[in-house]
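Just below is one structure, and these are the notes that go with it.
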Amino acid sequence: MKNIVFEDEHIIVAYKPAGIATQTARLGQQDMVSELKNYLARKPENKGKGAPYLGLIHRLDQPVAGILVFAKTKQAAASLSKQITDGTFHKYYYALVYGRPEKKQDTLENYLYKDGKTNMSSVVAQDTPDAKAAKLCYSWKETLMVWEAMQEASLVEIELFTGRHHQIRVQMAYAGIPLLGDSKYGTEQSKNFSKEIGCRNVALCACRLQFKHPGTGKAVEFYKKPDDEIFIPFLS
């Protein structure tokens with residue numbers, strides 16, 4: 001399978017392209033879990049053994065590209081899930097935002113509420129029923145002027161500490177630096193700018209994972225450079 005970054009007897013690290021769901025219950029819709037289960041079932045050592053085990057540890061929104069780690073055993077799944085709960089599993093993203101951040105580095109802490117009817121989240125007061133704490137840290141990398149539009153776009157790296165619904169998109173937009181290609185949470189200016197430069201997907205990629213290998217206990221790191229051409233000027 002071409003999207004596999006790493007595999008051993010304990011885990012699979014795979015790259016999810018933008019537009020593909022991490023997991024879905026919709027018949028006929030492609031998703032990473034089904035693709036990987038089919039891949040494992042086709043391996044010679046798994047033939048005749050029934051459906052292979054694949055533990056889903058974390059997710060990426062369908063419009064977002066990036067790397068995910070899946071467990072091949074229940075023991076590995078328990079280890080990775082515990083690391084996420086303990087805060088020792090680290091997730092980093094590259095994002096392109098509209099304009100230039102006022103601060104080169106900042107920690108964003110908000111409370112988010114998910115509206116199930118609209119499938120959107122928003123920043124709310126702490127005492128709002130069902131509100132959940134959300135935290136991330138971003139650091140500015142580079143700002144470029146897009147000459148056709150005569151406006152600036154910036155590359156930031158984000159470390160995500162909590163995994164809330166649409167968290168990065170909501171918090172960055174609330175901070176005044178919406179992601180390019182984000183039709184849900186962007187401003188009219190960022191949406192128009194995205195259309196002008198042909199940015200069709202949310203400009204967000206899960207680029208790096210750090211955790212302890214569930215089999216060896218050693219610290220491991222996996223990195224995948226974004227493959228969307230919108231990132232090329234910033235990462236070349």
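The values are calculated or read from the model by the stated rules, or taken from the named source; none is laboratory data. This one's a predicted model, so the numbers in the text were calculated from it and none came from an experiment. Cβ placement follows ideal geometry from the backbone for every residue including glycine, while neighbour counts extend to all protein chains displayed.
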- Task: Pick out the one residue from VAL64, VAL33 that is within 18 Å of PRO226 (Cβ to Cβ) and touching a residue at least 12 places away in the same chain (Cβ under 8 Å).
- Result: VAL64
- Taking only pairs six or more apart or across chains, which ones have beta-carbon atoms under 6 Å, a first residue in segment 95-112 that is free of Cβ contacts under 8 Å to residues at least 24 places away in the same chain, and a second residue that is buried (at least 17 other Cβ atoms within 10 Å of the Cβ)? TYR111/ALA131
- Message: Being more than 17 Å from the chain's Cα centre (by Cα), assigned by TED's automatic domain parsing to the domain that holds ARG100, within 20 Å of LEU235 (Cβ to Cβ) and among the β-branched types (Val, Ile, Thr): is that true of ILE168 here?
- Response: no
- Contacts under 6 angstrom Cβ, first residue in segment 131-155 being without any contact (Cβ under 8 Å) to a residue 24 or more places away in the chain, partner assigned to a strand (DSSP E or B) and charged (D, E, K, R), 6 or more apart: MET145/GLU152
- For segment 103-137, the count of residues that are surrounded by 15 or more Cβ atoms within 10 Å (Cβ to Cβ), within 22 Å of TYR92 (Cα to Cα) and of a type in the set (A, V, I, L, M) equals 5
- Item | Hits in segment 182-236 (condition: farther than 21 Å from ARG169 by Cα and part of a loop (DSSP other than H, G, I, E, B)) | HIS213, PRO214, GLY215, THR216, GLY217, LYS218, SER236
- Message: Conditions first: (1) assigned by TED's automatic domain parsing to the domain that holds ALA134; (2) out of contact with any Lys or Arg (no Cβ under 6 Å at 6 or more places or on another chain); (3) at negative phi; (4) at pLDDT 95 or above. PHE222 passes all but one, so which condition is the exception?
- Response: (1)
- Go through segment 149-169 and count every residue that is under 16 Å from ILE197 (Cβ atoms) and either touching a helix residue (DSSP H, G or I) at 6+ places or on another chain (Cβ under 6 Å) or surrounded by 15 or more Cβ atoms within 10 Å (Cβ to Cβ) (or both). 5
- Query: Does at least one position in segment 194-217 carry a residue that is surrounded by fewer than 16 Cβ atoms within 10 Å (Cβ to Cβ), within 30 Å of PHE6 (Cα to Cα) and acidic (Asp, Glu)?
  - Reply: no
- Message: Could you tell me how many of the residues in segment 170-181 are buried (at least 21 other Cβ atoms within 10 Å of the Cβ) and either in contact (Cβ under 8 Å) with a residue 40 or more places away in the chain or assigned to a loop (DSSP other than H, G, I, E, B) (or both)?
- Response: 8
- Item | So VAL146, is it within 19 Å of TYR94 (Cβ to Cβ) and surrounded by fewer than 19 Cβ atoms within 10 Å (Cβ to Cβ) | yes
- Message: Could you tell me how many of the residues in segment 115-140 are among the charged types (D, E, K, R), part of a strand (DSSP E or B) and more than 18 Å from the chain's Cα centre (by Cα)?
- Response: 2
- Given the structure, is GLY163 on the phi > 0 side of the Ramachandran plot and either touching a residue at least 24 places away in the same chain (Cβ under 8 Å) or part of a helix (DSSP H, G or I) (or both)? no
